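Worksheet: the structure to be examined is printed underneath.
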Amino acid sequence: MSDFFQGKTKQLFLFSVVSLFTLLLLCGCDTLKYYSQGIQGHFKLVSQIQPIDEVVQQKSTPETTRKLLAKAKRARAFAIRHLKLPDNESYQGYADLKRKRVTWNVIATKPLSMEPYQSCFPVTGCLSYRGYFSETGAKQFAHKLQDEGYETFIGGSTAYSTLGWFDDPIVSPMLTNGEAWLIETLFHELAHQQLYIKDDSDFNEAFATTVGQNGVREWLKETRPDALSKYNDHLHRYNDFLKLLGATAEQLKTLYESDADDASKLVTKQQITDQLRQNYVLFKQRYNGYTGFDKWFEKPINNPRLAMVSVYHELVPDFERWLQACKRDYSRFYQTVEQLSELPKDERIEALKQTARCMSQ
């Protein structure tokens, strides 16, 4: 326990030094305020971390939490052994945040564009979203962008990652959707530590999603084969829903790039989003009235919500092909994807969409 917390103290010191140096390089009250909330949020989160083994042994720990954390510990070992993901100090601690979300992410686009507003930072590069440790902060930034003419959406995140710069914990929101979700998230975040490219959210998120989903399949095959069919059914239904959203996003993108005048585009935009609701009715009929995605339609449909579908999922089928070409050998898969990542962004995406050829050992 003492070594664990000594490590956390060193991290806090390092984080404070790096953060202070970064702040001194920056200018503008808004920028300073944003970095300040990030630093404070990270400090508060880290201060709540306890070793997983201790949390599991505590009598006050709920039984469901105890079981999920024990499974997460075994899944982390599986990720290192079988998925060849990084073996470091991440996800060996647990933080009970007493809330349903870790951060709140603001996504924004212009009313006649599917290109997300980019937020750029020294370490991560440019991202298609901006994260806040408080929902209030996220709403304030969203209102600012709305005043500048953007459409916005705020989505809560259940995981937290510093991309391996610090020892990331399992956080309580990761436990809210059961075993498969927890383990997929764990593998997803470790995949970001395995490979992360500045200024390419689409590539990074689709790569991590591919590793996360395939990792869960292989985890269930080894540990709970009886649950594998249910998970595959879930993914099939989920991916079918994403195709529905993706097709709508593509329609809107084509519309926005057309020569029609803005007034006509806005009318057609409404027609396209109305059609999405009708298509969803047909989708539910195909899945025997499944209501699991109904909540998605409780909020207004706008460009940012649809744009994020492509960020996380558009390239997943391509990464799937490359993983299969590597015969599910994760070491070779990572080496191959790393080679692709060294290409300029446009060439990288083009190469990813070509015939998959795994790098030889």
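The values are calculated or read from the model by the stated rules, or taken from the named source; none is laboratory data. Note that the structure is a prediction, hence the values are computed from the model and not measured. Cβ sites come from the backbone with ideal geometry, for glycine too, and all protein chains shown count toward neighbours.
Among the residues of region 287-339, count how many are farther than 19 Å from LYS353 by Cβ and of a type outside the set (Phe, Trp, Tyr).
Residues that pass the stated criteria total 23.
Quick one: in region 290-318, which of the residues that are among the acidic types (Asp, Glu) and under 15 Å from LEU276 (Cα atoms) is surrounded by the most Cβ atoms within 10 Å (Cβ to Cβ)?
Checked region 290-318; the qualifying residue surrounded by the most Cβ atoms within 10 Å (Cβ to Cβ) is ASP294.
Yes/no matrix, rows are residues, columns are (1) surrounded by 21 or more Cβ atoms within 10 Å (Cβ to Cβ); (2) closer than 27 Å to ALA191 by Cβ; (3) free of Cβ contacts under 8 Å to residues at least 24 places away in the same chain; (4) in contact with an Asp or Glu (Cβ under 8 Å, 6 or more places away or on another chain):
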| residue | (1), (2), (3), (4) |
| --- | --- |
| PRO62 | no, no, yes, no |
| LYS67 | no, yes, yes, no |
| ALA72 | yes, yes, no, no |
| PHE78 | no, yes, no, yes |
| ARG81 | no, yes, yes, no |
| ASN88 | no, yes, no, yes |
| PRO116 | yes, yes, no, no |
| CYS126 | no, yes, no, yes |
| GLY149 | no, no, no, no |
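Per-residue answers, yes or no, for (1) part of a helix (DSSP H, G or I); (2) free of Cβ contacts under 8 Å to residues at least 24 places away in the same chain; (3) within 22 Å of GLN193 (Cβ to Cβ):
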position	(1), (2), (3)
ARG321	yes, no, no
ARG328	no, no, yes
PHE333	yes, no, yes
VAL337	yes, no, yes
LEU343	no, yes, yes
MET359	no, no, yes
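Under the condition of being of a type in the set (Ser, Thr, Tyr) and more than 16 Å from LYS299 (Cβ to Cβ), which residue from region 129-160 is modelled with the lowest pLDDT?
Top of the filtered list is TYR160.
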